[in-house]
Amino acid sequence: MKQLENKVALVTGGSRGMGAAIVKRLAAQGATVAFTYVKSAEKAQQMVADLALSGHTALAIEADSASHIAVTAAVEQVATTYGRIDILVNNAGIYFRKPLADHSAADYDLMMDVNVKAVFMASLATIPHMPTGGRMISIGSNLAGRVVGTGATLYAMSKSALIGFTKGMARELGPKGITVNLVQPGPTNTDMNPDSGEHAAALKGFMALGHYGNVEDIAGLVTFLAGKEGGFITGTELTIDGGFNT
Ligand SMILES: NC(=O)c1ccc[n+]([C@@H]2O[C@H](COP(=O)([O-])OP(=O)(O)OC[C@H]3O[C@@H](n4cnc5c(N)ncnc54)[C@H](OP(=O)(O)O)[C@@H]3O)[C@@H](O)[C@H]2O)c1
């Protein structure tokens, strides 16, 4: 029997990048997986079709994490469709960098709405539908622990908020037998941060291993946390960055 057989998972931002790899990996372990997307409708539908061909059940839901109402509605749709949510992966996130002086209140609102508020609201909405043994996993960033250049202050601030959130939620949900953890990737080859991008060479210079991670590295850790063997890990941030923050 696969380790996530009979489990229901919701992954935010599952149409591309790490989220897509997490969706596929959870499905491969037997979970029924719902995921949200915004812009990549075609990729989302293709993934549902591909997973169906290999015998897996998946559901794509259009839900912009910039709207807490849309995120909450997505959670409710999954709970209504499948009866519960065993695994929540708060993956959807945005990144932009620019000089601090150019930042506006609108920049702040967008970054915090997607990277922080959506995580909080999705998690709150999930609690009533998550049984004992449930797993909440959020994707933060190694930049919460080390910022090596300028321009990423707002992003780092948004991701560091998830550390306190994770610790508090682990205390809140521990008595219910639910674990809450934060995965903090370093440079990982996706559309957001291609390993041939403008800053890639400089970033590799900070990494003990000297190369980017790939989406499978992150999906593997998330799947481990979601599975039985991850059951005694809670309230912690797991940095997976090729030694960037070392
Ligand atoms: N790549 C890195 O080096 C790196 C390092 C540290 C942390 N992270 C974090 O890892 C997570 C995944 O990043 P990634 O590199 O896979 O990014 P990506 O390649 O840009 O993919 C982002 C995914 O999130 C979805 N998404 C974006 N904005 C959304 C919104 N407002 N509502 C719902 N979904 C949304 C996208 O869906 P659509 O295309 O459908 O809009 C896409 O599926 C993010 O939280 C990011 O901050 C990434």
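Residue-by-condition table, conditions (1) crowded, with 20+ Cβ neighbours inside 10 Å; (2) closer than 22 Å to Arg16 by Cα; (3) over 17 Å from the mean Cα position of the chain (by Cα):
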position	(1), (2), (3)
Leu143	yes, yes, no
Gly174	no, no, yes
Asn193	no, yes, no
Ala200	no, yes, yes
His211	no, yes, yes
Thr223	yes, yes, no
Thr234	yes, no, no
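If you go through the range 133-145 one residue at a time, how many are within 12 Å of the ligand (Cβ to nearest atom) and assigned to a loop (DSSP other than H, G, I, E, B)?
So the answer is 3.
Which number in (1) open to solvent by 30 Å² or more (accessible area, probe 1.4 Å); (2) under 18 Å from Asn90 (Cβ atoms); (3) within 12 Å of the ligand (Cβ to nearest atom); (4) not β-branched (Val, Ile, Thr) marks the one condition that Gly164 misses?
Unmet condition: (3).
Considering only residues of the range 113-132 that are open to solvent by less than 30 Å² (accessible area, probe 1.4 Å) and either over 14 Å from the mean Cα position of the chain (by Cα) or hydroxyl-bearing (Ser, Thr, Tyr) (or both), which is farthest from the ligand (Cβ to nearest atom)?
Among those that are open to solvent by less than 30 Å² (accessible area, probe 1.4 Å) and either over 14 Å from the mean Cα position of the chain (by Cα) or hydroxyl-bearing (Ser, Thr, Tyr) (or both), it is Met130.
For the range 18-59, which positions are of a type in the set (A, V, I, L, M, F, W, C) and open to solvent by 20 Å² or more (accessible area, probe 1.4 Å)?
Those that are of a type in the set (A, V, I, L, M, F, W, C) and open to solvent by 20 Å² or more (accessible area, probe 1.4 Å): Met18, Ala28, Val38, Ala41, Val48, Ala49, Ala52, Leu53, Leu59.
Under the condition of being open to solvent by less than 40 Å² (accessible area, probe 1.4 Å) and more than 9 Å from the ligand (Cβ to nearest atom), which residue from the range 176-191 is farthest from the chain's Cα centre (by Cα)?
Gly177
Based on what the data block shows, is Arg97 under 20 Å from Pro185 (Cβ atoms) and either open to solvent by 60 Å² or more (accessible area, probe 1.4 Å) or touching a Cys at 6+ places or on another chain (Cβ under 6 Å) (or both)?
yes
If Val114 meets every condition in (1) assigned to a helix (DSSP H, G or I); (2) within 29 Å of Pro187 (Cα to Cα); (3) touching a helix residue (DSSP H, G or I) at 6+ places or on another chain (Cβ under 7 Å) apart from one, which number is that one?
Every condition holds for Val114 apart from (3).
Could you check Ala31 against (1) more than 26 Å from Pro194 (Cα to Cα); (2) modelled with pLDDT under 95 and say which number it fails?
It is condition (2) that Ala31 fails.
Only residues that are within 16 Å of the ligand (Cβ to nearest atom) and either within 25 Å of Gly133 (Cβ to Cβ) or acidic (Asp, Glu) (or both): list them for the range 195-225, please.
Asp195, Glu198, Glu216, Asp217, Ile218, Ala219, Gly220, Leu221, Val222, Thr223, Leu225
Can you name the number of the only condition in (1) touching a residue at least 24 places away in the same chain (Cβ under 8 Å); (2) closer than 24 Å to Asn189 by Cα that Ile61 fails?
Checking Ile61 against (1) touching a residue at least 24 places away in the same chain (Cβ under 8 Å); (2) closer than 24 Å to Asn189 by Cα, the one that fails is (2).
(1) within 14 Å of the ligand (Cβ to nearest atom); (2) under 20 Å from Gln3 (Cβ atoms): which one isn't true of His68, the others all being true?
Unmet for His68, out of (1) within 14 Å of the ligand (Cβ to nearest atom); (2) under 20 Å from Gln3 (Cβ atoms): (2).
Can you tell me which residue in the range 10-24 is nearest to the chain's Cα centre (by Cα), limited to those that are of a type outside the set (Gly, Ala, Ser) and farther than 14 Å from Thr223 by Cβ?
Thr12
The values are calculated or read from the model by the stated rules, or taken from the named source; none is laboratory data. As the structure is a prediction and not an experimental result, all values here were calculated from the model. Cβ: placed from backbone, ideal geometry, glycine included. Neighbour counts: every protein chain shown. SASA here: full protein model, heavy atoms, side chains in, ligands and nucleic acids out. Shrake-Rupley method; radii C 1.70, N 1.55, O 1.52, S 1.80 Å.
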